[in-house]
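Asks: Have a look at this one before I ask anything.
Read-outs: derived from the displayed coordinates by stated rules, not from any lab. Since we're looking at a predicted model, the values are computed, not measured. Here the Cβ positions follow ideal geometry from the backbone for every residue, glycine too, while neighbour counts run over all protein chains shown.
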Amino acid sequence: MRFCPKCKTEKEESEFYAHRGNGGVQSYCKSCARQYSIDWAKQHPEVIKRRKKKYYDEHSEAIIKYVGKWQRDNREEVNKKNREFAYKCRVEALTHYGNGKLACIRCSESDIRCLSIDHINGGGNQHRRELGGKGIKLSQILRRQGFPEGYQTLCMNCQWKKRYENHEVGHE
């Protein structure tokens, strides 16, 4: 049994990390040592960033090779994570441009399958052409840009009504 001075409890030696000195184990128990590391990292983000960059610079070829192989070997998981991330970005963008609600700002429709991001001043088709349709979603781009102004959440019915009201489609 060993005493942890941090949490002031006595624990089994297996609850302490190994250490060359101090009787073969660290002073703090594993849970206290983990918490100390987490707290230290939060207080010194620049040191952590510098260490990670240095490690990547020294091992970039091996990392790129490993990640590429892992992605090829785990395509289903990668695709699932990509879909989950795209959905998360969509919900964030629709909520942001819905004034904090996941709903159309005109009629309050909340079925996410009906909601879309509308370019307030029009020009959405041109904007999509400029983006080139390379698979990245508008919501991901807007998230990356910090949700710039000029967009709103509308359901597809309200979007079509707006297009009609603004004479963006032919009147019959």
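Asks: Using only Cα atoms, find the angle between the long axis of helix 45-73 and the longest principal axis of the chain, and express it within 0 to 90 degrees, rounded to the nearest 10.
Replies: 70
Asks: Under 23 Å between alpha carbons, and skipping anything fewer than 8 positions from Lys65 in its own chain: which lysines qualify?
Replies: Cross-link targets: Lys49, Lys52, Lys53, Lys54, Lys80, Lys81.
Asks: Quick one: longest stretch of the chain between exposed loop trypsin sites (Lys or Arg not before Pro), exposed meaning at most 11 other C-beta atoms within 10 Å and loop per DSSP?
Replies: For trypsin sites (Lys or Arg not before Pro) (loop position, at most 11 other Cβ atoms within 10 Å), the longest site-free span of the chain is 21-112.
Asks: To continue, here is another question. With +1 assigned to the C-beta of every Lys and Arg and -1 to the C-beta of every Asp and Glu, and no other charges, what is the dipole magnitude of the chain about the Cα centre in debye, to the nearest 20?
Replies: 520
Asks: Something else now. Given points 7 Å out from each Cα along the Cα-Cβ axis, report the Leu102 to Val78 separation in nanometres with one decimal.
Replies: Here the modelled spin labels are 2.8 nm apart.
Asks: Okay, moving on. What percentages, rounded to whole numbers, describe P(r) for the stretch 1-52 computed over all alpha carbon pairs with 5 Å bin width beginning at zero?
Replies: 4, 21, 24, 18, 13, 12, 7, 1
Asks: About its Cα centre, what dipole magnitude does the stretch 1-96 give when the only charges are +1 on Lys and Arg Cβ and -1 on Asp and Glu Cβ, stated in debye to the nearest 20?
Replies: Around 260 debye, computed over the stretch 1-96.
Asks: Under unit Cβ charges (Lys, Arg +1; Asp, Glu -1), what dipole magnitude, rounded to 20 debye, does the stretch 91-149 have relative to its Cα centre?
Replies: Rounded to the nearest 20 debye, it is 220 debye.
Asks: Work out the charge dipole of the chain with +1 on the Cβ of Lys and Arg and -1 on the Cβ of Asp and Glu about the Cα centre, then indicate which of Ser37, Leu115, Asn79 is farthest towards its positive end.
Replies: Going by the Cα projections, it comes out as Ser37.
Asks: Once the Cβ-Cβ distance between Arg144 and Lys30 is put in as r, and R0 is 35 Å, what FRET efficiency do you end up with, to the nearest 0.05?
Replies: 0.40
Asks: Round to the nearest 10 and give me the degree value, 0 to 90, for the angle of helix 30-43's Cα axis relative to the longest principal axis of the chain.
Replies: Taking the Cα atoms of the chain, the angle to 30-43 is about 50 degrees.
Asks: Give me the lysines in straight-line cross-link reach of Lys6: C-alpha distance below 18 Å, same-chain residues under 8 apart excluded.
Replies: Output for Lys6: Lys30.
Asks: Strictly greater than 19 Å: what percent of every Cα pair in the chain meets that?
Replies: Working: 10900 of 14706 pairs.
Considering the chain, 74 percent of its Cα-Cα pairs are separated by more than 19 Å.
Asks: While we're here: Sequence gap at least 6, Cα distance under 8 Å: using those rules, report the relative contact order of the stretch 2-44 to the nearest whole percent.
Replies: Details: 37 pairs, mean separation 13.2, N = 43.
Rounded, it is 31 percent for the stretch 2-44.
Asks: Could I ask something else about it? For the Cα atoms of the chain, what angle does the longest principal axis make with the long axis of helix 75-97, in degrees from 0 to 90, nearest 10?
Replies: Roughly 60 degrees, rounded to the nearest 10.
Asks: Could you work out [θ]222 nm for the chain from helices alone, using -39500 (n - 2.57) per DSSP H run of at least four and dividing by all its residues? Round to the nearest 500 deg cm²/dmol. Could you put the intermediate results ahead of the total?
Replies: Working: 6 runs with 91 residues, N = 172.
Dividing the helical sum by the residues of the chain leaves -17500 deg cm²/dmol.
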